[in-house]
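Below: one structure, written as structure tokens.
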């Protein structure tokens, strides 16, 4: 058990040093973005990235999600796994180039007119970075992933300062900075993993059907996560305009602080979950991880909601300040998504990608329906409520599909935390009286104390005790 925890936290620690510090630095670029770019410009950029994130799983057939899973499986040769995935990555770039050419020639999306080449370059280097990162994970070169995260941050900050403040290239400069921030880390990982050594045109014919059987259902899973944020943006743009989408996009930046924790944990947990099932381990390790990550996420969520207005005053300039109203519910959705990711990694490790696909598909349907209904009824806040509800649907379905073996005694405390943070979010948004701050502080202290006590009692258990 101790060795498993050490292995997980070694990976999480390396990723935290690079990525969380990176996220903090990028976080402080928000005043620059909100001062230099208009709400409409930021909205156009955000929609472009959303389109890339939609095309990515479809054009690549989500093959990149299979890379780490199959590289860690000792039944398969590294050359076969990487060769198969690279073929699909290369094909996806050709398809994306054809789509960009058609969009440019026929002006299919006037909102992106003149920006097609930048959207294409973003897709190419985003895809290559994802591919290189999954190869590095599969080869267990976690330190290199950490270094690439630092490189990406340095590039993003440096190029943004140059293109926006020195060159004053506005939206085009913003695109270029983000493109280069994907290109340079991708190049670093490609060089460090020496990925070209594993690529053979004739390799992987036997493994290709296995990889496709695993990854194709995950297209729906990936699109489910995409839909939870992307549908929001398209519906808001359609009903309220690009400027409103710019405000919603900025609202995500405070929750993204918590998302950084979620992303780092999920990367480490995916590797541990796969290795755990390879060794047919028990579920006590899983139970400890559920307690730990929920403690971090719920305490962090309550704290960020408490500080939403002061953070917004510092980060959101001019017309962007109103975005604070949408932050609390988006923070809540991050916590829910973290738990979905825990069970998603279990389903992936067990090879049950169909279960991930089913839960995500139902989540997409719920999200789209609620987005349209609630935005029409109550405006932009409807988007955040729809995101929370659809995330809950995905989580509950994954808990059911994972089976009774993965139920823990912490569930009742997690549900209580969820109720408390939901209440805190609603009070923050809808009640403007002085006592709300005291109530929020009380909720934060209660949640922090509850998890501290549970964690202390759990650590005192003897190794042979069941969890």
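Scanning the stretch 151-177 for residues that are part of a helix (DSSP H, G or I) and free of Cβ contacts under 8 Å to residues at least 24 places away in the same chain gives 154, 158, 159, 162, 163, 166, 173, 177.
Whether a residue is in contact with a helix residue (DSSP H, G or I) (Cβ under 6 Å, 6 or more places away or on another chain) and without any contact (Cβ under 8 Å) to a residue 40 or more places away in the chain was assessed, and residue 132 does not pass this test. Scanning the stretch 312-330 for residues that are part of a helix (DSSP H, G or I) and within 19 Å of residue 384 (Cα to Cα) yields a total of 12.
Of the helices (runs of 4 or more DSSP H) entirely within the stretch 1-119, those holding at least 2 residues that are at pLDDT 85 or above occupy 39-59, 64-71, 78-106. The combined condition, being in a helix (DSSP H, G or I) and either without any contact (Cβ under 8 Å) to a residue 24 or more places away in the chain or under 24 Å from the mean Cα position of the chain (by Cα) (or both), is fulfilled by residue 124.
Just so you know, in the stretch 178-199 the residues that are part of a helix (DSSP H, G or I) and over 18 Å from residue 123 (Cβ atoms) include one that is farthest from the chain's Cα centre (by Cα), and it is 197. Number of residues in the stretch 353-394 that are part of a helix (DSSP H, G or I) and on the phi > 0 side of the Ramachandran plot: the value is 0. Looking only at residues of the stretch 180-192 that are touching a residue at least 60 places away in the same chain (Cβ under 8 Å) and buried (at least 21 other Cβ atoms within 10 Å of the Cβ), we find that the one that is nearest to residue 368 (Cα to Cα) is 182.
The values are calculated or read from the model by the stated rules, or taken from the named source; none is laboratory data. Because the structure is a prediction, the values reported are computed rather than measured. All Cβ positions, even for glycine, are placed from backbone atoms using ideal geometry, and neighbour counts span all protein chains on display.
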